[in-house]
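Below you'll find the structure, written out as structure tokens, and then a few comments.
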There are 2 protein chains.
Amino acid sequence: MEAGNTRSYHHGDLDAALVAAGYELARAGGADAVTLRATTRRAGVSPAAAYRHFSSHEDLQLAVGARAMADLARSIEVHQADATDPDPAVRARQRLIAVGEGYIGFALDSPGAFDIAMFGLFTMEHAFAPETMGDTGRTPFQLLTDAIADLVAVGLLAAERAEPAAITCWSTVHGFATLATSGPLRTHPRPELDALGARIVRGLTDALLR
Amino acid sequence: MEAGNTRSYHHGDLDAALVAAGYELARAGGADAVTLRATTRRAGVSPAAAYRHFSSHEDLQLAVGARAMADLARSIEVHQADATDPDPAVRARQRLIAVGEGYIGFALDSPGAFDIAMFGLFTMEHAFAPETMGDTGRTPFQLLTDAIADLVAVGLLAAERAEPAAITCWSTVHGFATLATSGPLRTHPRPELDALGARIVRGLTDALLR
DNA sequence: ACTCCGATGTTTACGTTGTTCACATTCGGT
DNA sequence: ACCGAATGTGAACAACGTAAACATCGGAGT
């Protein structure tokens, strides 16, 4: 009795169903809401069933986090769609700014999803995992390094400054996103955070590129 | 039967004893290790006893976090002790760099303490709480804003750029610290992280101050 | 000096969580 | 049509946060 689009067994594609259920919980309540029992409950299945697909609670949370990370990539991609300046140098700069704004925008729009995406904070190989790729087949980290590479190619950034520049950008944007979603800035009104975020991203790129 | 230095009741100063016990657990295992039961166990007391001093588990964790935050302030103060250049402008710059290096150094030296310090990520008023002050009576956040204010006073930074500059510094340093302790950079060898951190802090201040 | 009250700590209990193990059901190949 | 492997269930366990009833201690007031 196949449903058609997905392979079917006892309850359909439970693996994906659990990730979907966990993602809904995460969006509503952050990483802590993605409890093993709540997730299986929402998927209409017994707690132990999760162990046929995930080796532990943490493993499930990482899978949900990967799903969230893919949405983060998509958010960056959407912002990058506006980077259409004919001048390659200007466009490269726009693309880097889009990374920062997409990252921050995603965190502010869906703090719960952002929280689970950063759960455990993944490892470096996690930053290249296919499950965390957006629609263009690139992970958030790759979108950042791509943008930096473009800046080098276009002559706006010295090659030997590429690595620290990438880490600086990542740190700043990530730091601001966490301070703004779960940190001391969390009580600031949204428009103020948007303005502050935009100002920081632009100020940082200006500062880095001469 | 007073012990002398501390007021005594049933078990001595349980409030402080619990924070101390929790801090040891946090240093060894991060915020998650500061479980209510483990902390009371280590203090030689029953779990429910904690509720005479803290309204909830989270409340206890926040108290332990404040203790860790005070140590963070002390780490910054130690680094700032080296900022002794006779030129006030150079000294102001040194002091800002010391904030970043003290922050990052503390995170790398005691990731568990750093983790609990950032637990819940505190609120803005938490950033001014006396329990989080170092030996100079200033909190980490205040040490940062002090340094920025000095730069303005000395003419190295325009006054209207002070606030975004402060948030940028905070974001970058905080972001790098989390990426380096619990993030994808966590597997990098320590000396490499030290060098990277120093390079980022210096590069950022150079970029911000013209 | 004695009593009493409030502050402090204990015991017991409840519900929730992650996890495991023995058991039941279903699917797919032969 | 069967059988083994894959998948889901049920019951159980230890650990957790929390609450309520009970015990004990110290100091204030007579």
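The values are calculated or read from the model by the stated rules, or taken from the named source; none is laboratory data. Values in this document were obtained by computation on a predicted structure and should not be read as measured data. Methodologically, a virtual Cβ is constructed for each residue, glycine included, from the backbone with ideal geometry; neighbour enumeration extends over all protein chains shown. Please note that ligands, DNA and RNA were not included when accessible areas were found on the heavy atoms of the full protein model with its side chains. Shrake-Rupley method; radii C 1.70, N 1.55, O 1.52, S 1.80 Å.
Filter segment B:50-84 for residues that are of a type in the set (G, A, S) and either more than 9 Å from DNA strand D (Cβ to nearest atom) or not in a helix (DSSP H, G or I) (or both) and give the result. Show your work before the answer.
To start, the set of residues in segment B:50-84 that are of a type in the set (G, A, S) comprises B:50, B:55-56, B:63, B:65-66, B:68, B:70, B:73, B:75, B:81, B:83.
Hits for segment B:50-84 are B:S55, B:S56, B:A63, B:G65, B:A66, B:A68, B:A70, B:A73, B:S75, B:A81, B:A83.
Within 11 Å of DNA strand D (Cβ to nearest atom), within 14 Å of chain A (Cβ to nearest Cβ), closer than 30 Å to B:P189 by Cβ and touching a helix residue (DSSP H, G or I) at 6+ places or on another chain (Cβ under 7 Å), is that true of B:A31?
Considered against the rule, which asks whether it is within 11 Å of DNA strand D (Cβ to nearest atom), within 14 Å of chain A (Cβ to nearest Cβ), closer than 30 Å to B:P189 by Cβ and touching a helix residue (DSSP H, G or I) at 6+ places or on another chain (Cβ under 7 Å), B:A31 comes out as yes.
Give segment A:34-45 a look and list any residue that's buried (at least 17 other Cβ atoms within 10 Å of the Cβ) and within 9 Å of DNA strand D (Cβ to nearest atom), or say none.
The answer is A:T40, A:A43, A:V45.
Just checking, does segment A:169-179 include any residue being out of contact with any Ser or Thr (no Cβ under 6 Å at 6 or more places or on another chain), at pLDDT 95 or above, open to solvent by less than 70 Å² (accessible area, probe 1.4 Å) and farther than 16 Å from A:F114 by Cα?
yes
Filtering segment B:117-140 down to residues that are over 27 Å from A:P111 (Cα atoms) and assigned to a helix (DSSP H, G or I), which residue is least open to solvent (accessible area, probe 1.4 Å)?
B:P130
Quick one: in segment B:46-70, of everything that is among the charged types (D, E, K, R) and free of Cβ contacts under 8 Å to residues at least 60 places away in the same chain, which residue is most open to solvent (accessible area, probe 1.4 Å)?
The extreme case among them is B:R52.
Looking at this structure, is B:A66 within 14 Å of another protein chain (Cβ to nearest Cβ), farther than 22 Å from B:L156 by Cα, at pLDDT 95 or above and more than 16 Å from DNA strand C (Cβ to nearest atom)? Walk me through it before giving the result.
On the way: within 14 Å of another protein chain (Cβ to nearest Cβ): yes; farther than 22 Å from B:L156 by Cα: yes; at pLDDT 95 or above: yes; more than 16 Å from DNA strand C (Cβ to nearest atom): yes.
Yes.
For segment B:118-160: of the residues being touching an Asp or Glu at 6+ places or on another chain (Cβ under 8 Å) and either among the aliphatic types (A, V, I, L, M) or under 19 Å from B:L62 (Cβ atoms) (or both), which is farthest from the other protein chains (Cβ to nearest Cβ)?
Taking segment B:118-160 first, the residues touching an Asp or Glu at 6+ places or on another chain (Cβ under 8 Å) are B:120, B:134-136, B:138, B:143.
Okay, now just the ones that are also either among the aliphatic types (A, V, I, L, M) or under 19 Å from B:L62 (Cβ atoms) (or both), so B:120, B:134, B:143.
Working: B:G120: 8, B:G134: 18, B:L143: 15 Å.
Going through the qualifying residues, I end up with B:G134.
Going by what's in this entry, would B:A166 be described as within 22 Å of A:G100 (Cβ to Cβ), part of a helix (DSSP H, G or I) and either open to solvent by 20 Å² or more (accessible area, probe 1.4 Å) or more than 10 Å from chain A (Cβ to nearest Cβ) (or both)?
Yes, satisfied.
Quick one: would you say A:A26 is surrounded by 15 or more Cβ atoms within 10 Å (Cβ to Cβ), modelled with pLDDT of 95 or more, under 17 Å from A:G112 (Cα atoms) and more than 9 Å from DNA strand C (Cβ to nearest atom)? Lay out the reasoning, then the answer.
Numbers: surrounded by 15 or more Cβ atoms within 10 Å (Cβ to Cβ): yes; modelled with pLDDT of 95 or more: yes; under 17 Å from A:G112 (Cα atoms): yes; more than 9 Å from DNA strand C (Cβ to nearest atom): yes.
Yes; evaluated as a whole, the condition is true for this residue.
Of everything in segment A:36-61 that's of a type in the set (A, V, I, L, M, F, W, C) and within 6 Å of DNA strand C (Cβ to nearest atom), which residue is farthest from the other protein chains (Cβ to nearest Cβ)?
Per the criteria, the residue is A:A48.
What residue, among those in segment B:169-181 that are closer than 21 Å to A:H126 by Cβ and either outside any helix (DSSP H, G or I) or among the β-branched types (V, I, T) (or both), is farthest from the other protein chains (Cβ to nearest Cβ)?
B:T181
Among the residues of segment B:182-210, what is the count of those that are of a type in the set (S, T, Y) and within 9 Å of chain A (Cβ to nearest Cβ)?
Total meeting the criteria: 2.
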